[in-house]
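Okay, so here's the structure we're looking at.
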Amino acid sequence: MDHFVKYDRLPEGYQIPRDLGEKFRFDAENHRLIFSGYMSKTEFDRICEPTRDWSFRRSVEELFRMSVVDARPNPAAPRPGGGLLSRLFARG
């Protein structure tokens, strides 16, 4: 899933880390920072490291929070093997 936040332009001289180019991008036409999928803390740090621009960092943090929320397991979703084990222990 793609997550995005509004952002006017990248900080001056900022280069998106090459190894994150598939996941993190800037859409200049629509003024968006976009991240695809789950953002790890390591990826967050790598994106923010090259700049001291706090506005940019706050926007990346917002993307980070969005990706983490989407990555949380759904407690109502069936878990592999969970139903079987629950039934075995319930029989006692």
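Considering the range 35-58, and only residues there that are in contact with a helix residue (DSSP H, G or I) (Cβ under 6 Å, 6 or more places away or on another chain) and of a type outside the set (D, E, K, R), the residue that is nearest to F24 (Cα to Cα) turns out to be F35. R52 meets all of the listed conditions (1) surrounded by 10 or more Cβ atoms within 10 Å (Cβ to Cβ); (2) modelled with pLDDT of 85 or more but one, namely (1).
Selection of the range 17-34 for residues being outside any loop (DSSP other than H, G, I, E, B) and either touching a strand residue (DSSP E or B) at 6+ places or on another chain (Cβ under 7 Å) or at positive phi (or both) yields F24, R25, F26, D27, R32, L33, I34. Residues of the range 25-37 that are under 15 Å from V68 (Cα atoms) and at pLDDT 95 or above: I34, F35, S36. The set of residues in the range 35-71 being part of a helix (DSSP H, G or I) and polar (S, T, N, Q) consists of T42, S55, S59, S67. Entry remark, the range 1-12: residues being in contact with a Ser or Thr (Cβ under 8 Å, 6 or more places away or on another chain) and free of Cβ contacts under 8 Å to residues at least 24 places away in the same chain number 0 in total.
The values are calculated or read from the model by the stated rules, or taken from the named source; none is laboratory data. Worth saying up front: this structure is predicted, and the values here are computed from it rather than measured. Glycine gets a Cβ as well: all are built from the backbone with ideal geometry, and neighbour counts include every protein chain shown.
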